[in-house]
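The values are calculated or read from the model by the stated rules, or taken from the named source; none is laboratory data. Values in this document were obtained by computation on a predicted structure and should not be read as measured data. Neighbour counts are summed over all protein chains in view; Cβ atoms, including those assigned to glycine, are modelled from backbone coordinates with ideal geometry.
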Amino acid sequence: MNKRLAVAFTGPSNSGKTTLILKVARKLIHEHKLEVAIIKHDPKDKARFDVEGKDSYKFSDTGAEVIVTSPNRTTYFSQKHSELDEMVRLFDKFDVLLVEGLKNLPLPRISVFRDTIDKDYFAYMNALAVDNSVNLDEYKIPDGVSLLDLNSADEVISWIFKNAKKI
């Protein structure tokens, strides 16, 4: 793959976004042999990556930009908001970027829903991934929105290869 692809996933809490992204990422990595990068938006600032009292927490608590490196991973703690292009630069190389959340980013977007669909998402979606818990007859899906099976990572990957933004 000579161009890097980027796509975003959006939807309410507990809709299955993370599960779908995990399935898609695993297939892209293990079956398609592609390098995958993932950015997750934490709109309520709830994620906790370190424990108070540990060195990395103390360093990050100063307000500094901090990178913690170990034999198995590198973790970047930033005290400021980053735009997409800044975040992309943190990943040296990847073939596919999967973004969870950040509905204002200019990326093709797969909206994920179970049980009911929030029509407020229609303006942001390029594809709709649902399972059979959603009765699609109850909704007027906007023209041009692809319907995807939430339980089919292969179907979602196929859509990504055709529709993702080349970056």
Out of the residues in the range 1-29 that are modelled with pLDDT under 90 and of a type in the set (Ser, Thr, Tyr), state the one that is surrounded by the most Cβ atoms within 10 Å (Cβ to Cβ). 18
Give me a count of the residues in the range 155-164 that are buried (at least 16 other Cβ atoms within 10 Å of the Cβ) and either part of a strand (DSSP E or B) or touching a residue at least 60 places away in the same chain (Cβ under 8 Å) (or both). 4
Residue list for the range 142-154, restricted to those being assigned to a helix (DSSP H, G or I) and buried (at least 17 other Cβ atoms within 10 Å of the Cβ): 153
Looking at residue 118 and the list (1) among the charged types (D, E, K, R); (2) touching a residue at least 24 places away in the same chain (Cβ under 8 Å); (3) closer than 18 Å to residue 36 by Cβ, which single condition is not satisfied? (3)
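Taking the condition of being of a type in the set (Asp, Glu) and surrounded by 17 or more Cβ atoms within 10 Å (Cβ to Cβ), how many residues in the range 81-117 meet it? Please lay out each step first, then the result.
The initial filter retains those residues of the range 81-117 that are of a type in the set (Asp, Glu), namely 83, 85-86, 92, 95, 100, 115.
Among the residues that remain, those that are also surrounded by 17 or more Cβ atoms within 10 Å (Cβ to Cβ) are: 95, 100.
Here the count works out to 2.
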With the requirement that a residue be within 24 Å of residue 99 (Cα to Cα) and part of a loop (DSSP other than H, G, I, E, B), what does the range 125-141 give you? 125, 126, 131, 134, 141
Give the range 129-141 a look and list any residue that's free of Cβ contacts under 8 Å to residues at least 12 places away in the same chain and surrounded by 12 or more Cβ atoms within 10 Å (Cβ to Cβ), or say none. 136
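Which count do you get for residues in the range 96-123 that are in a loop (DSSP other than H, G, I, E, B) and more than 14 Å from the chain's Cα centre (by Cα)?
Initial filter on the range 96-123 (in a loop (DSSP other than H, G, I, E, B)): 101-108, 114-118.
Next, from what is left, pick out any that are more than 14 Å from the chain's Cα centre (by Cα): 114-118.
The total comes to 5.
Scan the range 124-139 for residues that are more than 16 Å from the chain's Cα centre (by Cα) and small (Gly, Ala, Ser) and jot them down. Talk me through it step by step, then tell me what you get.
As a first pass, look at the range 124-139 and keep what is more than 16 Å from the chain's Cα centre (by Cα): 130-139.
Once the filter is applied, which keeps residues that are more than 16 Å from the chain's Cα centre (by Cα) and small (Gly, Ala, Ser), the range 124-139 yields only 133.
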Taking the range 69-80, which residues are within 25 Å of residue 105 (Cβ to Cβ), exposed (fewer than 10 other Cβ atoms within 10 Å of the Cβ) and of a type in the set (Ser, Thr, Tyr)? 74
